[in-house]
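Contents: one structure, followed by commentary.
The values are calculated or read from the model by the stated rules, or taken from the named source; none is laboratory data. These numbers were taken from a predicted model, which means no experiment stands behind them. Surface accessibility is based on the protein's heavy atoms, side chains included, excluding ligands, DNA and RNA. Shrake-Rupley method; radii C 1.70, N 1.55, O 1.52, S 1.80 Å.
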Amino acid sequence: METKDINTDAYTILESDEFDVLLDAVELMAKAQGNLLSLQRSVEELKIMMDNTEFATDDFSLQDNAAIYAALDKVENLVETLSYDNYINDDYITDK
């Protein structure tokens, strides 16, 4: 009889609005983490592209190149700040 009560309690929790909100929050956090990883890779790829191609020196003036690199650095710093607490890495789980 006790197992039936535990199962009933578990189903009540799983069907609750609070549990749905929690699942939505976890889903949003996972999407944000994926977007942050994607942004981090994009910034790295763009920096490599700027460093390795004539695009960085021939098509733009020195001032334009400086502005592009400054913008990339700002985005890179933002991504690093957002991921500073090791949320991107599995270290977050082991740090707690």
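Suppose accessible area is computed on protein heavy atoms with a 1.4 Å probe; arrange THR3, THR8 from highest to lowest.
Ranked list, largest accessible area first: THR3, THR8.
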Grab the Cα-Cα distance for LEU28 and SER16, subtract it from 0.36 nm times how many residues apart they are, and report the gain in nm with one decimal. 2.4 nm
Phi to ³J(HN,Hα) by Karplus 6.51 cos²θ - 1.76 cosθ + 1.60 over region 71-78, Hz, x for Gly, Pro: 5, 4, 5, 5, 5, 4, 5, 4
At 1.4 Å probe size, with no ligands or nucleic acids counted, give the accessible surface of LYS74 in Å², nearest ten. 150
